[in-house]
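Undergrad: This is the structure I want to talk about, given as structure tokens.
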Amino acid sequence: MTELKNDRFLRALMRQPVDRTPVWMMRQAGRYLPEYRATRAKAGDFLSLCKNTPLACEVTLQPLERYPLDAAILFSDILTIPDALGLGLYFETGEGPKFRKVIRSEADVDALPRMNAESDLDYVMNAVSTIRRELNGRVPLIGFSGSPWTLATYMIEGGSSKTFSEAKKLMYGQPEVMHRLLDHLADSVIDYLNGQIKAGAQAVQIFDTWGGVLSSWAYEEFSLRYMKKIVDGLIRESEGRHVPVIVFTKNGGQWLESIADCGADAVGLDWTTDIGNARARVGDKVALQGNMDPAMLYAPKARIRQEVADILKRYGSGSGHVFNLGHGITPDVDPEHAGAFIEAVVELSGQYHQ
């Protein structure tokens, strides 16, 4: 593989010295970019775009052409695993993801096939290897997956949910069945992320989007437990270099110490947790990623720059910080405001690394 020209992101995840704080954005390849919308229209729909290797590569690289980002993230979706397990993923305009089949019983869980990521999700592996080749060492490539709990909520609810009533009904009413489902999904995620690493991903992130809807004990038992299993099962060295793992639980700041103990190299923070407080709580155990409110990108550019300065100051000096939003960039953000955010990190963070 080509030598990496910019390894700032990987070094920060390992809490090694860097010249400035690295920056990337969750959903940085997405609907806020007019060039993305044009490519998606060419593909026909979102799922077709994910499965079209040249176009998935194209949209992954688009934000790097605009901004001085320190990482690329694979263009895909967290729900590729349930789709590969036969649930029939589809997207309805304005309504988000849906499944033709749902998981509601012990029999449904028992009927789930064992997944082979390299064959069942070969289009993802092809995208990873193609993107790595096209990046040509420019920046590292991040692979990712949803967490078992997050995937399970979609599989049980049949799509997005505000109450998670069906998922919690299974969790509280038949906990042993939920554990079997989560165990199955953890094995699938291990296979999937290891496949991405073999194909060329240089770091991986586990998106626990819905872990924050759980009570403290339920989070430990039904979400974090399975993310620990995944971290333990991942390939941690590839191409002679450590492969860092980031765990991101939205609304998980109250469990920061427990998440930091899961074996990951970095913990992602949403915008509800003060990053200075988070650093004081975890010390040098893990790197921290985040955590500007994505809605701040609606503010004037000067206000965005001030918020970046404040977050950098709250984190303080030294490595171990990857600057990111506290969740994905929203579709109606002006790309120039995203540019102002990234530019501010690039220009203002060097003073904290002297």
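Undergrad: Could you pull out every residue, at least 5 positions away or on a different chain, whose amide H is within less than 5 Å of the one on Gly146? Hs are placed 1.01 Å off N in the peptide plane, and Pro or chain starts have none.
TA: Phe207
Undergrad: Then there's this: With the contact rule set at Cα under 8 Å and sequence spacing of 6 or more, what percent relative contact order holds for the range 1-136? Please list the in-between numbers first.
TA: On the way: 135 pairs, mean separation 32.8, N = 136.
With pairs under 8 Å counted, the relative contact order is 24 percent.
Undergrad: For the ranges 146-155, 116-125, 277-286, what's the packing order if you count other beta-carbon atoms within 10 Å of each residue, average per peptide, and put the highest first?
TA: Numbers: 146-155: 26.5, 116-125: 18.8, 277-286: 15.7.
Descending packing order for the listed peptides: 146-155, 116-125, 277-286.
Undergrad: Scan around Asn251 for amide H atoms under 5 Å from its own, H built in the peptide plane at 1.01 Å from N, and keep only partners 5 or more places away or cross-chain.
TA: So Asn251 has HN proximity to Asp270.
Undergrad: Please sort 288-299, 43-54 by packing, taking for each peptide the average over its residues of neighbouring beta carbons within 10 angstrom, highest first. Provide the component values of the computation, followed by the final result.
TA: Details: 288-299: 21.2, 43-54: 16.5.
Final packing ranking: 288-299, 43-54.
Undergrad: Residue-wise, which Karplus ³J(HN,Hα) couplings in Hz belong to the range 128-138, taking 6.51 cos²θ - 1.76 cosθ + 1.60, θ = phi - 60°, and x for glycine or proline?
TA: Computed from phi, the couplings for the range 128-138 are 4, 5, 5, 5, 4, 5, 6, 5, 6, x, 4 Hz.
Undergrad: Quick one: dipole size for the chain, taken about the Cα centre, charges +1 on Lys/Arg Cβ and -1 on Asp/Glu Cβ, in debye to the nearest 20.
TA: Working: 39 positive and 45 negative charges, 95 e Å.
That gives the chain a dipole magnitude of about 460 debye.
Undergrad: Same structure, new question: Rounded to the nearest Å, what's the spacing between the alpha carbon centres of the range 131-156 and the range 159-211? Just the number, please.
TA: Spelled out, the Cα-based centre of one part sits 13 Å from the other.
Undergrad: Taking only DSSP H segments of four or more residues, each worth -39500 (n - 2.57), what value at 222 nm results for the chain once the sum is divided by all its residues, to the nearest 500 deg cm²/dmol?
TA: Values: 16 runs with 158 residues, N = 354.
Theoretical 222 nm ellipticity from helices: -13000 deg cm²/dmol.
Undergrad: Please compute the modelled spin-label separation between Glu92 and Asp332, points set 7 Å along Cα→Cβ, answer in nm with one decimal.
TA: Rounded to a tenth, the inter-label distance reads 2.2 nm.
Undergrad: With Cα extents along the principal axes in Å in mind, check [x] 56, 41, 40; [y] 58, 45, 42; [z] 61, 38, 37 and report the label derived from this structure.
TA: [y]
Undergrad: Please name which of Trp271, Leu348, His337 has its Cα lying farthest along the dipole of the chain towards the positive end, using unit charges on Cβ (Lys, Arg +1; Asp, Glu -1) and the Cα centre as origin.
TA: Final value for the positive-end residue is Leu348.
Only the coordinates and a few stated rules stand behind these numbers; no lab work does. Keep in mind that what you see is a predicted model, and the values were worked out from it rather than measured. All Cβ positions, even for glycine, are placed from backbone atoms using ideal geometry, and neighbour counts span all protein chains on display.
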